[in-house]
Amino acid sequence: MIENYRHTVLRSLSLAVCLTLALGFSPIAAEDSAIEETNRQIVGDAFKGWEAGTANVFDLLADDVIWTITGFNPMVSGTYYGKKDLLSRTVEPFSERMSEGLNPTVHSVWADGEDVIVHFDGKGRTAAGDVYKNSYLWIFKMDGGVATEVIAFLDTAAFAALLSRDPG
């Protein structure tokens with residue numbers, strides 16, 4: 001009889017734990033959810049500011065950020081160590097070849113713990129007068145409100161073609 005009681009209690013306890021975790025009622029899940037929402041809000045607000053022309057999305061980056069552009073294009077793909085390295089080798093040369101800044105159109109912002117994923121398209125006029133367009137997916141690893149790592153997916157051939165032009 002005691003064995004049956006013990007079995008019933010353990011089965012009930014297991015069921016309660018499973019339901020609690022499945023429904024997201026654990027303290028850990030609540031904390032993760034709050035972190036996700038905070039991170040999603042920080043990154044989302046930065047992109048809204050970029051869209052409105054009132055913010056620089058690169059202000060999200062830690063000074064020692066590790067930024068990786070995926071792909072195999074030797075001109076642009078690879079890892080950039082630090083904000084200064086990224087800006088001097090990619091953002092500034094890009095800006096020099098544009099007559100107006102890149103205008104983003106954000107499609108989605110997702111968060112999973114410390115990771116925030118942003119899917120957006122960018123469009124702008126080059127110094128030569130034609131239109132530059134690209135589609136992006138950036139994954140930000142957030143820590144304390146700043147991005148410490150970013151992985152960027154984009155059409156690296158289009159990006160490299162723009163950077164291979166003479167500035168101005």
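Only the coordinates and a few stated rules stand behind these numbers; no lab work does. Just so it is clear, the structure is predicted and the values come from calculations on it, not from any experiment. Reconstructed Cβ throughout: ideal geometry from the backbone, glycine too, with neighbour counts over all protein chains shown.
Label separation (Lys133 vs Phe72): 2.7 nm, computed from points 7 Å beyond Cα along the C-beta direction.
Projected label points at Arg89 and Glu51, each 7 Å from Cα along the beta carbon direction, are separated by 3.1 nanometres.
Selection among Ser99, Ala46, Val65 by position relative to the dipole of segment 30-163 gives Ser99 as farthest towards the positive end (Cβ unit charges, Cα centre).
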